[in-house]
Every structure is written in C-alpha cells, then in structure tokens.
1. Which Cα, out of ILE254, VAL121, VAL334, lies furthest along the positive dipole direction of the chain (beta carbon charges, K/R +1, D/E -1)?
2. Compute the longest continuous run of the chain that contains no exposed GluC sites (Glu not before Pro); treat a site as exposed when its DSSP state is not H, G, I, E or B and it has at most 16 other Cβ atoms within 10 Å.
3. Using Cα-Cα distances under 8 Å and only pairs 6 or more residues apart, what relative contact order does region 205-331 have, in percent?
4. Among TYR43, THR33, VAL64, which residue has its Cα positioned farthest towards the positive end of the charge dipole of region 1-71, with +1 placed on the Cβ of Lys and Arg, -1 on the Cβ of Asp and Glu, and the dipole taken about the Cα centre?
5. Compute the Rg to Rh ratio over region 57-131 from the alpha carbon atoms, using the Kirkwood formula for Rh, and round to two decimal places.
6. Have a look at GLY53, GLY352, GLY327 and tell me which one the Gaussian network model of the chain (Cα, springs below 10 Å) gives the largest fluctuation.
7. Select from the chain the helices, each a whole stretch of DSSP H, whose alpha-carbon atoms run 27 Å or more along the helix axis and whose Kyte-Doolittle mean is at least -1.0; answer none if there are none.
8. If Lys and Arg each add +1 and Asp and Glu each add -1, what is the summed charge of the other residues whose beta carbon sits under 13 Å from the beta carbon of GLY275?
Amino acid sequence: MSRPRILIVGAGFAGYRAARTLSRLTRNRAEITLLNPTDYFLYLPLLPQVAAGILEPRRVTVSVAGTLRHVRLVLGEADGIDLDARTVHYTDPEGQGGTLGYDRLVLAVGSVNKLLPIPGVAENAHGFRGLPEALYLRDHVTRQVELAASADDPKSRTSRCTFVVVGAGYTGTEVAAQGQLFTDALVRKHPLRQGMRPRWLLLDIAPRVLPEMDERLSRTADRVLRRRGVDVRMGVSVKEATHDGVLLTDGEFIDSRTLVWCVGVRPDPLVEGLGRPLERGRLLVDPYLQVPGHPDVFACGDAAAVPDLERPGQYTPMTAQHAWRQGKVAAVNVAASLGLGSRRPYRHRDLGFVVDLGGAQAAANPLGVPLSGPLAGGVTRGYHLAAMPGNRIRVAADWLLEAVLPRQAVQLGLVRSWNVPLDTASPELARVPGAPAQSGTEKSGTEDHS
C-alpha cells in the first residue's frame, strides 16, 4: 500500500514547523514534500542585525535538508493550485514548470510587502521581508556614507546621509534602531565633513511607536530611539516618493536617497486564486486549520485567517509567534486525518513580545512582565536563541565578536536595487534581469538608482 502524500507549500515559520512536526509524528509512514523557493528557513526577527552588519547572512538561515529528516525538498514557487485535482503547479528557479500531487495539503505561503497607492513608492522604496533586501540595505547604507564622506556638495552629503524608514511596528523600529548604530560606526571610519552625523527618520501614521505593544514598552522604545538621535515622527507618513527624497503628508520634503518600507505585510497573493472565502486577503479556515469544504486542505501562518478562540469574532494576528504554533497544530491535525493521533483546535496563550533596539537595549514583556534596558536586551537575545531551530552557537559567536571587535563594513555589491523590487510576491528571492517574471510581481526597471 502506498504511503499518503503530504505536500507543504512554504518553509516559513508555519511551514517549517509543520514539516518538522509531521516528520516526527508520521515516522516515515507518509511521504512529506516541502515546496519552497529557497533551501532554507529564514529566522526573520534577526534580519535587521544582518542589515546592520552584526550577523552574517547564513546565521539567520537554517538548512531544510540538514534539519528536516524524511522530508523531500522541492525548490520552486507555487503559482497555481487545483483543489479538485489535488495538484499544485510550481516554477523552479530555472523557470521550468512542474506539478506535485497530494493527499493532504498544508498552505503556509506566508506574506509579502504591503503596498499602498502612494506615488513613487513602488519605484523608489525597498521592503524588508527577505535576505536579499537585508543585504541590499547593508550595501546601500554603507555606499551612501562612503559617497557622502568624499562628496563636495553639502546637499548631496545631507541627502546621502538621511535614511527614512516608514512603519514603526516591530520591523521598522528595529531597522531604525540598528541602522542608527550602524551608520554611527561607519562614520568613525569615514568621518563626515563639518561634524555631520547620519540622520534616521522613523515615520508612522500611528500615534506612537510600536502601537501593537503595551504603552510602557512603546515609551521605552521611543525614548531609546530619540536619545540616539533618531527623528521619530508619529502621525505623519509619505505622500510621494522620488529618487531625490520623500514628500511627507505634513508638506515637508526630506532630501534622501534611502526609503525603507516597513508598513506591514499582506497575505501571499497565491491564496486569492483558490476561489475560497477570504478575510482581508487571508484564507478562511476553521479552528482546526482546515479549509471549509476541503477536509484535505489545511492552512496556517500569515496567509490563513484563523479564528481566535480567546477573542470570539476575531482572527489571530499575522505574527511569527502565531505562525510557529499554528504550524505545529496543523501538523497534528494532518496526522490525525491519517489516523495518527487526535486532532485539536488552535488555541494560544500570549507569551509576550521582544523588540531588539540594538546594543544592550531592548523592550520586552515576557509573560506580561514589562522590561527595558540591558535586562530586556538579555531576555531578547535569550528568546531568539531559544526560538531558533538551528545556528544558535554561530549566532552567539557573532554577538560575542560584535562586542569585542570593530564591526566590518564593506560593500559586497551582490544585490542591486533592481534585484529587490518592492512590488514582489517573492521577497525571499533576488530578482535577476532576464529571468522569468515572478508571479505577482510588477515589471521592474533595470536602472540602478542606489
């Protein structure tokens, strides 16, 4: 008798956890296939440290083949799902198409950069959802400081040393916090004329930094950012973006060559093509993470609208913490549908959140206890080490070297602006000129405006 075929689409927090749990539960009694554009799981919360030159890129990636036993990896992007035929069509990295059949399907395709209809943003801003974007930002920021140090034109120096981050949620706050420390380190090696200092702006239409967190933690983050010199502006955003700067909604024009877009995420557009009910772009599922009308299809993570049983009538937010735990529950329920164990609904208990503000500073509320300063910094790093499914020793070693040695700051030149368009359904992949168009991606120009 043939083994049942389990296909998992996506190796983010939800998909990776589902694959790992199913491998353990099925004990080789099922054929598990994981479809993903890359051969690694990305630990997204530490990506700002990659952009700031603290961690090497491979530190935040965990090999799928090296850590998931009895799981077959297929490299490719899903671009079509036939629920009736039980097949998923995909395109591999070299542009060749393929089809995978399944008896059970787990959709864990995650999310992509959230776009707003603001003139010039898609052409002049870059997101922060994948490793290529982090590598581009690190090179770009380094290049701007080096060019500013040698420039004769004061306006050019000011423009190159002004960095605008839009979105004061977790990602934007961490990018601004780490970025300010990074550029301060850069100017020690490339002194700017007339005592200039790089300027970072953090913008958001929300009334405060980290609006989704406890107000005490929000105040802590705001205080740390302002003390370092970050220009925090709440209640304001971008009205128009150009190559030379950004026009704010309050009428001020900021000369800048850098616009980092961290306004949030939207579900992967793949789920829109299923023809099933959606909730703000997310695929509706029941408390057991099953798609109604399709008992063989499960969905979890950012692309799934999972009922929040702790808050009736609402859905769980799109966070890594929920995705990680939903991946495990989805795996348990898939195994139960094959006669292995009992299924269970998704319930959660808030474990708190951590925000790394760079150096020894952080804001955290583990189990609801608000912390700040070095104690929060220690808790934050401990949390990340415990949460990572691999590379813990390497990450800790990089942190130790960062504490005792000067930070390395060179341009590698591997990722250019056209490689990381903001409007893409695949932020985990660098766009290659001449390669097949990515699903959900608008055409990107080929001129490098970095």
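1. The one lying farthest along the dipole's positive direction is VAL334.
2. Values: sites that count: GLU94, GLU212, GLU252, GLU310, GLU442, GLU447.
My reading of the result: 311-441 is the longest stretch.
3. Numbers: 156 pairs, mean separation 15.4, N = 127.
Relative CO of region 205-331 lands at 12 percent.
4. Checked the options; the winner is THR33.
5. Working: Rg = 16.5 Å, Rh = 15.7 Å.
Using only Cα positions, Rg/Rh for region 57-131 is 1.05.
6. Result for the chain, Cα springs under 10 Å: GLY352 fluctuates most.
7. Working: long enough: 131-150 (29 Å, -0.08); 170-189 (29 Å, -0.12).
Result, helices passing both filters: 131-150, 170-189.
8. Details: positive: ARG276; negative: ASP82, ASP84, GLU272.
Here the charged neighbours net out to -2.
The numbers here are math on the coordinates, done by the rules we state, and not lab data. If you're wondering where the values come from, they're calculated on a predicted model, not measured in any experiment. Glycine gets a Cβ as well: all are built from the backbone with ideal geometry, and neighbour counts include every protein chain shown.
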